[in-house]
1. Go through the range 389-447 and give me each residue that's in contact with a Lys or Arg (Cβ under 9 Å, 6 or more places away or on another chain), among the hydroxyl-bearing types (Ser, Thr, Tyr) and crowded, with 19+ Cβ neighbours inside 10 Å.
2. If you go through the range 270-286, how many residues are surrounded by 23 or more Cβ atoms within 10 Å (Cβ to Cβ) and of a type in the set (D, E, K, R)?
3. Among what's in the range 262-279 and is under 29 Å from ARG178 (Cα atoms) and in a strand (DSSP E or B), pick the residue that is nearest to the ligand (Cβ to nearest atom).
4. Mind listing whichever residues of the range 176-194 are surrounded by 24 or more Cβ atoms within 10 Å (Cβ to Cβ) and under 20 Å from ILE57 (Cα atoms)?
5. Which number in (1) closer than 30 Å to ASN127 by Cα; (2) part of a helix (DSSP H, G or I); (3) more than 14 Å from the ligand (Cβ to nearest atom); (4) hydrophobic (A, V, I, L, M, F, W, C) marks the one condition that VAL370 misses?
6. Please go through (1) touching a strand residue (DSSP E or B) at 6+ places or on another chain (Cβ under 9 Å); (2) assigned to a loop (DSSP other than H, G, I, E, B) for ILE430 and return the number of the only condition it doesn't satisfy.
7. Could you grab me the full set of residues in the range 1-34 that are at pLDDT 90 or above and surrounded by fewer than 23 Cβ atoms within 10 Å (Cβ to Cβ)?
8. Any idea which of (1) modelled with pLDDT under 90; (2) part of a helix (DSSP H, G or I); (3) touching an Asp or Glu at 6+ places or on another chain (Cβ under 8 Å) is the one ALA37 doesn't satisfy?
Amino acid sequence: MSGQDFYNSHRSDDQDRLHEECGVFGLYDPRREFEVARVTFFGLYALQHRGQESAGIATADGGPRLRVRTSMGLVAHAFDESDLAALSGHIAIGHTRYSTSGSSIKSNAQPIVVNDPNLGPLAIAHNGNVVNAAYLSEELGEHGYSFSCTSDSEVIAKLIVSMPGRNWTEKIRAAMGRISGAYALVLLTPTALYAVRDPLGVRPLCIGRFDNGGWAFSSESCALQTVGAKIERELEPGEIVCVDADGEHRTLYPAGERKALCSFEYIYFARPDSVINGLSLYMVRTEMGRQLAREHPAEADIVIPVPDTAWPAAIGYAQEAGLPFAEGLIKNRYIGRTFIQPDQRLRSQGVALKFNPLPEVLRGKRVVMVDDSIVRGTTTPPLVALLRAAGAKEVHVRIHSPGMINPCYLGVDTARRDELIAANMSVAEICKHIGADSLGYLSIEGLRQSIGLPERSNCFACFNGDYPVPVQLEMSKLNLEARRRHLGAEAIDVVGEREKEEAEGLALALR
Ligand code: SF4
């Protein structure tokens with residue numbers, strides 16, 4: 001069997017990656033100078049790496065109704081010129097989704113719109129995962145609330161509506177006392193834009209300003225740059241920001257000392273041109289590579305990255321080791337990402353042509369291959385085989401994250417514990433399994449030092465099991481859905497339809 005055949009038959013790249021969570025974006029244009037839907041479209045376009053299953057934009061113009069357009073698929077395919085023209089107004093929120101809770105179906109696409117009998121409509125876009133969503137959902141059900149989709153984001157929205165309060169800020173603040181887990185939110189009312197970050201700060205959310213005085217909110221700073229806003233700061237954990245005709249209003253929900261920004265944002269999720277906690281992701285990843293070289297040196301001739309995410313770490317490794325950096329694998333960037341519709345059958349297709357080796361670079365060389373992570377261990381063996389088939393004499397695999405031994409319950413689609421290779425094999429066994437000459441993972445302490453934030457600033461739970469909130473072990477991303485089915489799906493579907501009709505009274509669903 002040739003290297004390419006082996007590679008084609010074994011490669012299941014998509015299953016062996018951690019999947020990003022979601023991207024959220026918000027915009028308030030007090031001078032009404034922008035086409036807010038168009039700006040939001042490009043903001044979402046810059047956040048596409050955080051979710052490829054669905055996209056949506058909601059806008060408000062001060063009138064009683066919100067305008068909403070959601071669609072399955074990539075941002076570029078979700079909207080056309082007529083959608084953007086119909087999404088009028090001076091305030092907008094947007095969302096690009098990877099399903100960490102609930103199925104990949106259109107009814108789970110966001111923004112979601114709910115109605116408060118006193119305050120009117122509210123659209124919500126959420127990044128994260130609520131660990132007590134099933135409990136809150138049942139409790140809300142007992143109080144007469146029903147659900148039209150199966151994501152935890154709708155639970156947040158309905159919980160906010162159910163809370164006591166004279167205005168949205170009071171209701172949001174009250175809801176924050178009930179929600180356990182990760183949430184970075186942008187919310188839209190007919191006259192105001194809200195941005196909310198959970199008290200642990202698990203998911204990133206930043207604020208930017210335009211020269212004309214407008215505000216932009218984004219999961220990552222790279223999207224602010226894309227739309228011409230300057231990053232002002234990040235929301236603090238527990239912060240609620242409201243922007244309306246009177247300007248910006250800030251409320252802080254009391255957060256404890258413990259913070260838990262996901263360390264995988266630094267390793268892999270966020271774009272390298274983003275800045276989180278004042279740290280350039282590119283520079284942090286380069287430092288991870290340097291630290292990896294100190295912890296796991298190798299007798300080698302060249303250092304290559306698994307493109308694209310491992311580039312900065314491979315550069316750092318090469319610099320520290322004093323070895324030449326080279327490209328040994330070329331990725332086809334136009335082949336498309338197969339988790340647009342992540343069912344098992346589709347996942348196993350279309351990935352075989354993603355990488356080609358460069359024999360001219362690899363032949364006769366002892367190669368260090370740097371990658372960001374090994375999840376199930378299905379991707380690395382065919383990559384190693386590919387390098388050997390292209391003539392590499394030795395392959396030393398270096399991973400710029402620690403071994404993943406626990407699933408994530410805070411908004412990242414990892415795998416079950418029994419599927420995580422590092423939870424079930426020793427490093428020596430994994431090395432044999434992937435067919436490498438040697439294997440080294442970055443240590444947790446090395447990761448912590450590379451990020452450089454104080455102790456207990458980040459979440460490392462998938463590496464050390466120290467979850468920042470109590471979690472129900474082996475909670476599935478379809479948990480809420482299964483629970484609702486158990487309670488009687490028919491009733492929920494009927495109510496869902498009725499609610500959709502009701503929603504049309506308060507939000508104009510486009511197409
Ligand atoms: S468990 Fe891992 S992936 Fe999940 S939030 Fe914590 S560090 Fe991130």
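The values are calculated or read from the model by the stated rules, or taken from the named source; none is laboratory data. Just so you know, these numbers come straight off a predicted model, no measurement behind them. Here the Cβ positions follow ideal geometry from the backbone for every residue, glycine too, while neighbour counts run over all protein chains shown.
1. TYR441
2. Qualifying residue count for the region: 1.
3. Residue satisfying both the conditions and the ranking: CYS262.
4. If the condition is that a residue be surrounded by 24 or more Cβ atoms within 10 Å (Cβ to Cβ) and under 20 Å from ILE57 (Cα atoms), then TYR183, ALA184, LEU185, VAL186, LEU187, LEU188, LEU193, TYR194 are the ones that fit.
5. (2)
6. (2)
7. Passing the criteria: ASP29, PRO30, ARG31, ARG32, GLU33, PHE34.
8. (1)
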